[in-house]
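Since every read-out is calculated from the coordinates, none of them should be taken as a lab result. These numbers come from a predicted model, not from an experiment. Please note: Cβ atoms are built from the backbone with ideal geometry, for glycine as well, and neighbour counts cover all protein chains shown.
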Amino acid sequence: MKYPSLVSDVLNSNELFDVLAWASARINLLGEHIDYNHGFVLPASIQFKTISGIKFNNKNEFRFSSDHHPIVSIEQIQKQSGDKAWVNYLLGVMDKFSQHGIAIPFFDCTILSNIPIGAGLSSSAALSCSFALALQNFLGLNFSLEELAKIAQWSEHEYAGVKCGLMDQTASLRGKASHVLVMDCLSNEVEYVPIQFLKEKLVLLDSGVKHMLDNSAYNKRRQSCEEGLSIIKSQFTNVHSFREVSLEMIQVIQNEEIKRRCQYVIQEIERTQLAVSVIKSKNIKALGSLMNATHHGLSKLYEVSCKEIDFIVEELQKSSSVLGARMMGAGFGGCVLALVNTSEFDRILPNLVENYNKTFAINLKHYEVTIDDASGCILQPIV
Ligand code: ADP
Ligand code: MG
């Protein structure tokens, strides 16, 4: 079996673990802020991974370390704060396993990752998902990947305080090479749709900014949508979710801000469904146009973009070598996802990097995306 490069590095380093598991970063082609609004999302797992390595210890404490943080020792499963807060993503998973009546012996856990953190690529889901997969193999359990995704989501809700949908965890654990997941966020069912690029490629441009340091804006958008939907439901009794809501129906909402949020959601759900059909018919150009329209909605209606991200998207959209570009992730920074013509894009990139640097004094990083198998696990020792 061919392992992801980071996993091969760990195996070659001769560091011994009882269990090693990994999960992926993800992109989302379309359907931003739609998972918790019960539409459809189009994520895919990519080449960046987080690995969780677990081995028994006889120290009477759980010890966690990460390549980004010093070691944290924990005697009891309870929420942490300050420098130790990152282990909450893992403690939530342990708590959930304990709630199933599973006894967890003390262990050392090492986290390694090549996912850019806080860039909208879902390093948080890859962290909790890789750990959930490692822990289940360590303990000899057999939850399905779907169940593990839900456990990781619960951990992010209850221990990290982010009321995320299930998209990130699903892609992080269940994605497949060269496939987009079409996830129905009402039933959580997943369809795998092959996606092929011939002359095009997907590129992530990392703005290097993250304006919201807490999750208040994310949770506020979520609350506005819930409020909007409940107003619509009170007037239209056949409406159960945003899927049944039309643009005419949102006129019953008085608050203009809530109305704009709902307008974005309705239009994005429609775009996502269109995107599935254009991917199936291999109309990559049309997919690019839908990405551009999504960015417009995110920036002007849902208002989760920022000046740096808008700058990158606008510069990209000026070029004929770019089929589509949009902000990706929760917003207020992070990455732009661009669908570009492979041969021409490399010519425009240096100019974009220079202009971005001149305007914001930030070094614009970029990553070419490979859609890759999401997760895996190895029980050691391997002989
Ligand atoms: P994103 O998921 O888009 O990367 P989030 O803000 O949701 O951004 O998650 C980032 C948080 O997840 C970090 O602040 C940290 O607490 C945790 N995290 C992610 N990856 C790691 C890692 N490799 N080591 C330690 N903590 C991590
Ligand atoms: Mg996250």
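A few points about this structure:
- THR110 at negative phi, under 16 Å from the mean Cα position of the chain (by Cα) and hydroxyl-bearing (Ser, Thr, Tyr): no
- Qualifying residues in region 54-85 (those that are crowded, with 20+ Cβ neighbours inside 10 Å and more than 10 Å from ILE111 (Cα to Cα)) - the one farthest from ligand 2 (Cβ to nearest atom): PHE62
- Residues of region 140-198 classified as assigned to a loop (DSSP other than H, G, I, E, B), under 30 Å from PRO105 (Cα atoms) and within 16 Å of ligand 2 (Cβ to nearest atom), total: 7
- If you check GLY140, GLY82 for being away from ligand 1 (no atom under 15 Å from the Cβ), among the small types (Gly, Ala, Ser) and farther than 30 Å from LEU202 by Cα, only one passes: GLY140.
- Residue in region 99-119 that is surrounded by fewer than 23 Cβ atoms within 10 Å (Cβ to Cβ), assigned to a helix (DSSP H, G or I) and away from ligand 2 (no atom under 16 Å from the Cβ) present: yes
- Taking region 42-53 as the range and being crowded, with 21+ Cβ neighbours inside 10 Å and assigned to a strand (DSSP E or B) as the test, the residues that pass are PRO43, ALA44, SER45, ILE46, PHE48, LYS49, THR50, ILE51, SER52, GLY53.
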